[in-house]
Amino acid sequence: MKPVKVGVLGLGTVGGGTINVLRRNATEISRRAGRDILVTHASARDLDKKRICNTEGIILTTDPLDIINNPEIDIIVELIGGESLAKDLVLIAIANGKHVVTANKALIALHGNEIFAQAKQKGVMVAFEAAVAGGIPIIKALREGLSANCIESLAGIINGTGNFILTEMRDKGRDFADVLSEAQALGYAEADPTFDVEGIDAAHKLTILASIAFGIPLQFEKIFTEGITNISREDVSYAEELGYIIKHLGIARKTANGIELRVHPTLIPHRRLIANVDGVKNAVLVHGDAVGDTLYYGAGAGSEPTASAVVADIIDVVRALTTDPENHVPHLAFQANAIADIPILNADAIETAYYLRLNVQDKTGVLAEVTRILAEHSISIEAFIQKGPQQNDSSLPIIMLTQITLEKQMNAAIKSIEALDTVVGTVNRIRVENLG
Ligand code: NDP
Ligand code: HSE
């Protein structure tokens, strides 16, 4: 049978890795796909740049349209990134009747609803396993392996750069900026690394996971998002003292009133498996009504781990080339006409426990004032630590863990506590999840 011809847009970290894996494992891949898979064309901005892959035998161009408009090519692999150019290119590829594989989570989270509708109309596949959690096949697990279940919740470490930074800061006391530079050099970070550290990349990924888990439209704009830039060394060590580890999590949870979608630093008990996921590794914990808890772990970023997911998608597309498009696995796991408009809860309606750190003046009655305010907002304290004055500072740090409460109540309580004359500065709050 004739080989399937693939055009790769982008020859950077993931594009280079994809070509390397396709070349190195060509025989195994062909045995699995049932046909040879050949990268015939590739594009990049600068054709003189040194590449991590061997581009011998591949026709190179600076214009992705040369590839997308080439009638010989069956599958377009979009590995440029960003959302506007990538969206235009993917929509033209679909209009040209080509199947698309992408690792671009921003593209899918922001424009997936439109892209999938166009793809369905044209009877082509758009595969995006690499868009979430790098090399972990979490999309396939949710969409296919867990399709018997009502998914009740999922929680994941879904940004490798952020987890790498938190781990290096905690274990080696390294500076935030220094670790971020290393993550960039290793090819983990986004072109704009604020996407990693401000939680935007994790929110893109959570948008995709939630859609596939609950059969809802992609709704990036409804996600509550906080990054990792405000996590301090003190919080890391107080959390440890209380038996917790701070991780940056994406959480999606079905409640009686709607779905919680949130990305933020989170205290999790150190004995949980997911608390021990370090460095660039990602992990996603999924709870289904039939299966219970399941956990998926692996490299969340990097050249070949991500290429592993891209190439698996290419193989899936090749296997399905001769099948009736009506029988393809739906892009978002649920049939397009069965996507449901379940309400997404706003941030005030989130229910969680909290870690609070505040500095108070060393005076009698201060603590009573703080606990009175919490009680007035029906917030119960679970654990409490009071420290002596810190170096060069006469105020005393107080650290509390609360029981589960409504975010709205906590916001009101924090406002009243910060207004007390005896409280110095602001209250630092980190959400706590037991994930039990
Ligand atoms: P890179 O920056 O390493 O590579 C991007 C490639 O696209 C480069 O070859 C670049 O050309 C080319 N390119 C950039 N802009 C243009 C343009 N305007 N026109 C034509 N070509 C262009 O990115 P990554 O490989 O890291 O990421 C690619 C995608 O994969 C992104 O969507 C990213 O979010 C996603 N992803 C990345 C992961 C990772 O670990 N890096 C993991 C999972 C997903 P040139 O080389 O000449 O500059
Ligand atoms: N910048 C992303 C991360 C790449 O660090 O997780 C993988 O999606």
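Values in this text are rule-based calculations from the coordinates and carry no lab data. Owing to the predicted nature of the structure, the values given are computational and were not obtained by experimental measurement. Neighbour counts run over all protein chains shown; Cβ positions are idealised from the backbone, glycine included.
Here are a few things to note about the model shown:
- Per-residue 3J(HN,Hα) values for region 246-255, derived from phi via the Karplus relation 6.51 cos²θ - 1.76 cosθ + 1.60 with θ = phi - 60°, read 9, 10, 8, 10, x, 10, 10, 9, 7, 10 Hz in sequence order (x marks Gly and Pro).
- Counted by Cβ distance under 12 Å from Thr422, the other residues give a net charge of -3, where Lys and Arg count +1 and Asp and Glu count -1.
- For the residue pairs Lys105/Lys172; Lys222/Lys254; Lys140/Lys172; Lys87/Lys120; Lys122/Lys254, alpha carbon separations beyond 24 Å are given by Lys105/Lys172; Lys140/Lys172; Lys122/Lys254.
- Database remark: amide H of Gly298 closer than 5 angstrom to the amide H of Asn282 (H placed geometrically; neighbours at sequence offset of 5 or more, or on other chains; Pro and chain starts carry no H).
- Across region 65-78, coupling constants 3J(HN,Hα) worked out from phi with the 6.51/-1.76/1.60 Karplus curve, θ = phi - 60°, read 5, 4, 7, 5, 8, 7, x, 6, 8, 8, 10, 9, 10, 8 Hz, and Gly and Pro carry x.
- Integer Hz, Karplus 6.51/-1.76/1.60 couplings in order for region 24-37, x for Gly and Pro: 5, 9, 3, 5, 4, 5, 5, 4, 7, 7, x, 8, 6, 10
- For the chain, share of DSSP beta bridges that run antiparallel, in % to the nearest 5: 70 percent
- Look at where the Cα atoms of region 25-40 and of region 359-436 average out, and the two centres are 59 Å apart.
- Using 0.36 nm per residue and subtracting the Cα-Cα separation, the extra length available between Ile385 and Asn96 on full extension is 97.7 nm.
- Working note: 222 nm ellipticity from helices only, DSSP H runs with n ≥ 4, each -39,500 (n - 2.57), summed and divided by the residues of the chain, gives -10500 deg cm²/dmol to the nearest 500.
- Nonlocal amide H pairs with Leu218, under 5 Å, H built at 1.01 Å: Asn113
- Taking other residues whose beta carbon is less than 11 angstrom from the beta carbon of Thr225, and scoring Lys, Arg as +1 and Asp, Glu as -1, yields -2.
- According to the Cα-based calculation, Rg over Rh for the chain is 1.03, with Rh computed by the Kirkwood formula.
- Exposure proxy ranking, count of Cβ atoms within 10 Å, fewest first, for Thr364, Thr323: Thr364, Thr323
- From most to least packed by mean Cβ count within 10 Å, the peptides 206-212, 290-296, 249-255 give 206-212, 249-255, 290-296.
- Computed from label points 7 Å out along Cα-Cβ, the spacing between Asn346 and Thr62 is 4.9 nm.
- Taking Ile399, Ile151 and counting other C-beta atoms within 10 Å, the order from fewest to most: Ile399, Ile151
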